[in-house]
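Only one structure is covered here, and it is reproduced in the block below.
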Amino acid sequence: MWVVKLGGSLLQGPWLMEWLLAIRRFSDRNAVVVTGGGAFADQVRLAQARTGMDDRLAHHLALIAMEQVAWLCHSMAPWLVPVRDRRQLAEVQSRGDIAVLLPTHFLATETGLPRDWSLTSDSIAAWFAAATNAEHLCIVKSCALPAHFTTTAELEHAGIVDAAFPVLVQSFHGDIRFYTAAHVCTFLSDINRTSMSDPLPL
């Protein structure tokens, strides 16, 4: 299975529909899209700063922000089917459809995950990929990536992924790739291969 995490900030640029169309190429494969919270999550951060809400509530609202972006992507790309739990995921995959994750229910019973801003959509995608034994994890970022990096810890230090990502991705044993928003063609080239070579060292 392929897990593709689309940064919520793609909403603010010209590339989101290009990525949704590229993901449509997965029509004959198991694939799950995980969306970031984008501007909706930014509003949660602002509300927390203004009201002093605790991190646990802010985390829950940030999950809802991810779901808002997921539903928005579904409206733009009806071939993405929102899923709330493993039963729905299995049904979608049995039909050969592409799922987009609604994470609130998936994470509700996960007691080992932090409930604060150290766990954002990148880490949720890594956790989901590990939990479902996915073969491939693709992280799409709107920001520029360092020209040379060898570990996810370097990306965390640069502020590109959250603090939990280097820890959670240790449980993921598949291939991982990072893409910038403009690299849709590179992504398409990768998914058309029978396997992805040279995985990023973790």
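No lab work stands behind these numbers, since they all come straight from the coordinates. The structure presented is a predicted model; accordingly, all values stated were derived computationally and were not measured. Counting neighbours? That spans all protein chains shown, and the Cβs are built from the backbone with ideal geometry, glycine included.
Okay, which of the range 5-45 sit inside 18 Å, backbone N to the point 7 Å along the Cα-Cβ direction of Cys143?
5-13, 35-45
In debye to the nearest 20, how big a dipole does the chain give about its Cα centre with +1 on each Lys and Arg Cβ and -1 on each Asp and Glu Cβ? Mind showing how you got there, number by number?
Values: 15 positive and 19 negative charges, 77 e Å.
The dipole magnitude comes to about 380 debye.
Label 7 Å along Cα→Cβ of Trp79; the range 4-22 residues with amide nitrogen under 13 Å?
18-22, by backbone N distance to the label point.
Could you order the peptides 172-181, 120-129 from most to least packed, using the average number of other C-beta atoms within 10 Å per residue? Before the final figure, lay out the partial values.
On the way: 172-181: 18.4, 120-129: 26.5.
Result, highest mean Cβ count within 10 Å first: 120-129, 172-181.
With unit charges on the beta carbon (Lys/Arg positive, Asp/Glu negative), name the residue among Thr51, Leu72, Leu11 whose Cα is farthest towards the positive pole of the charge dipole of the chain.
Working it through, the farthest residue towards the positive pole turns out to be Leu72.
Per DSSP H run of n ≥ 4, the term is -39500 (n - 2.57); total these for the chain, divide by its residue number, and report the mean residue ellipticity at 222 nm rounded to 500 deg cm²/dmol. Present the calculation step by step, with values, prior to reporting the outcome.
Numbers: 9 runs with 88 residues, N = 202.
Roughly -12500 deg cm²/dmol at 222 nm, from the helical runs in the chain.
Once you order the gyration tensor axes a ≥ b ≥ c over the Cα atoms, which shape class does the range 70-202 get: rounded for a/c under 1.5, otherwise prolate or oblate by comparing a/b with b/c? Intermediate results must be reported in sequence, preceding the final value.
On the way: a/c = 1.59, a/b = 1.18, b/c = 1.34.
Taking the square roots of the gyration eigenvalues as a ≥ b ≥ c, the range 70-202 is oblate.
Over the range 1-132, what is the relative contact order in whole percent, taking alpha-carbon pairs under 8 Å and six or more residues apart? Each step should come with its number before you reach the end.
Working: 190 pairs, mean separation 39.8, N = 132.
After rounding, I find 30 percent.
May I ask you to evaluate 6.51 cos²θ - 1.76 cosθ + 1.60, the Karplus curve with θ = phi - 60°, for each residue of the range 145-157 and list the ³J(HN,Hα) values in order in whole Hz, giving x for glycine and proline?
9, x, 4, 9, 8, 10, 9, 5, 4, 5, 5, 5, 4
According to the square roots a ≥ b ≥ c of the eigenvalues of the Cα gyration tensor, what is the shape class of the range 146-187, taking rounded for a/c under 1.5, prolate for a/b larger than b/c otherwise, and oblate for the remainder?
Numbers: a/c = 2.12, a/b = 1.34, b/c = 1.58.
It is oblate, given that a/c is not under 1.5 and a/b is not larger than b/c.
Could you tell me which of rounded, prolate or oblate describes the range 28-108, using a ≥ b ≥ c as the square roots of the eigenvalues of the alpha-carbon gyration tensor, with rounded for a/c under 1.5 and, failing that, prolate when a/b is larger than b/c and oblate otherwise?
Working: a/c = 4.15, a/b = 2.12, b/c = 1.96.
Prolate, because a/c is 1.5 or more and a/b exceeds b/c.
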